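Below is one structure, written out as structure tokens; the observations come after it.
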Amino acid sequence: MIKSMTGFASVTSEDERATVAVTCRALNHRYLDVQLRLPQALAAVESEVRALVARHVARGRIELNVSLQFRQQPAVDVEFNDEFGRALEGALERARARGLVSGGLTPGDLLRLPQAITIRDRQPSDDASQQDSTAAQARSAVERALTDLDVMRSREGEHLRGDLDERRGIVAGLVERIAAAADEGRTAMEQRLHDRIGQLQTELPVDPNLIAQEVVRWAGRSDISEEVARFRAHVAHWQALADSAEPCGRKLDFLLQEMNREVNTMGSKADGIRVSELIIAAKAELEKMREQVQNVE
């Protein structure tokens, strides 16, 4: 199946406890590269989220962001760093003894020291049942976002397939024309050889059997029937890959390399007036297909 590697999806899930927002962006990449951004309250479900992504996406860079907002105002925890306080107290006593400072610390002084006091929100998810419920809500939202992303990638993949199928038909037609032009060129070359040999036979004694063998050998060097047969097989294989349910982007890329190799070989072997022009046209279409296949999963 031909799917695009690019896409975007956004899902928001709300209930009486929290709001979960998921955004998912898919970009081209050679392999599967998952970039996650999860809030600390959902850190425990990271491995499950990665497994969900891998189930929906085979190749590409996936940037998935999950945000979580609780509806109730969280309580606040204030923690004092006792060790830092004792060290600070000892340093101040020594400074006072040397006459460097006077007076004591105020609450404002402590708040200006980030090592002294830590203030953090107490998340409602600290409750086990609440945490499980929020995790399930997040997993459901991620699943929906990935499903929407898959729909968008499939829709874009249909457009990609339409373009690739059209170009595949053009290249297949060009190769058939190359085969016909090569046959005409080989026939013309054989005729030229026979004409030249006929001229030489009037001047030198020549073994007709030996001459016939040399003509066949020269003609065989320009025979591209094997390359044409392999190219037709590649075209049929392309159709099978595009129709299968498995991701086929990397396989199509490899197949295009093989098709391009066959066309190059045809160009080096075939003889004919129109062969060079047709070879250039076929290679140009194959290059356009190769660029397009880079977007296929």
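The values are calculated or read from the model by the stated rules, or taken from the named source; none is laboratory data. Quick caveat, the model's predicted, so the values are computed rather than measured. Reconstructed Cβ throughout: ideal geometry from the backbone, glycine too, with neighbour counts over all protein chains shown. Just the protein is used for accessible areas: all its heavy atoms, side chains included, with ligands, DNA and RNA removed. Shrake-Rupley method; radii C 1.70, N 1.55, O 1.52, S 1.80 Å.
In table form, for the structure just shown:
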item: Residue that is nearest to Ala43 (Cα to Cα), among those in the range 116-148 that are open to solvent by 100 Å² or more (accessible area, probe 1.4 Å) and at pLDDT 75 or above; result: Asp132
item: Cβ-Cβ under 6 Å pairs, at least 6 apart or on other chains, the range 99-114 side surrounded by 10 or more Cβ atoms within 10 Å (Cβ to Cβ), far side in a loop (DSSP other than H, G, I, E, B); result: Leu110/Ala116
item: In the range 18-47, the residues that are touching a Lys or Arg at 6+ places or on another chain (Cβ under 6 Å) and open to solvent by 40 Å² or more (accessible area, probe 1.4 Å); result: Leu27, His29, Leu32
item: Of residues in the range 219-233 being in contact with an Asp or Glu (Cβ under 6 Å, 6 or more places away or on another chain) and not in a loop (DSSP other than H, G, I, E, B), the one farthest from Leu160 (Cα to Cα); result: Ala219
item: The range 248-275, subset among the β-branched types (Val, Ile, Thr) and in a helix (DSSP H, G or I), residue modelled with the highest pLDDT; result: Val263
item: Flag for Ala270 being open to solvent by less than 40 Å² (accessible area, probe 1.4 Å), farther than 30 Å from Val57 by Cα and out of contact with any His (no Cβ under 8 Å at 6 or more places or on another chain); result: yes
item: Qualifying residue in the range 287-296 (condition: touching a strand residue (DSSP E or B) at 6+ places or on another chain (Cβ under 6 Å), farther than 21 Å from Thr187 by Cα and modelled with pLDDT of 75 or more); result: yes
item: Residue selected from the range 14-38 under the condition more than 15 Å from Gln130 (Cα to Cα) and in a loop (DSSP other than H, G, I, E, B), by the criterion farthest from the chain's Cα centre (by Cα); result: Leu38
item: Number of the condition not met by Pro74 [criteria: (1) in contact with an Asp or Glu (Cβ under 6 Å, 6 or more places away or on another chain); (2) modelled with pLDDT of 90 or more]; result: (2)
item: Number of the condition not met by Leu92 [criteria: (1) over 23 Å from the mean Cα position of the chain (by Cα); (2) open to solvent by 60 Å² or more (accessible area, probe 1.4 Å); (3) over 24 Å from Ala141 (Cα atoms); (4) not small (Gly, Ala, Ser)]; result: (2)
item: Only one of Ala281, Ala212 that is at pLDDT 90 or above, in a helix (DSSP H, G or I), over 30 Å from His56 (Cβ atoms) and not charged (D, E, K, R); result: Ala281
item: Within the range 220-242, considering residues that are surrounded by fewer than 18 Cβ atoms within 10 Å (Cβ to Cβ) and modelled with pLDDT under 90, the one farthest from Gln257 (Cα to Cα); result: Gly220
item: Single match in Lys251, Lys283 (criterion: within 21 Å of the chain's Cα centre (by Cα), free of Cβ contacts under 8 Å to residues at least 24 places away in the same chain and open to solvent by 10 Å² or more (accessible area, probe 1.4 Å)); result: Lys251
item: Of residues in the range 54-89 being surrounded by fewer than 13 Cβ atoms within 10 Å (Cβ to Cβ) and either of a type in the set (Gly, Ala, Ser) or touching a Lys or Arg at 6+ places or on another chain (Cβ under 7 Å) (or both), the one farthest from Gly249 (Cα to Cα); result: Ala87
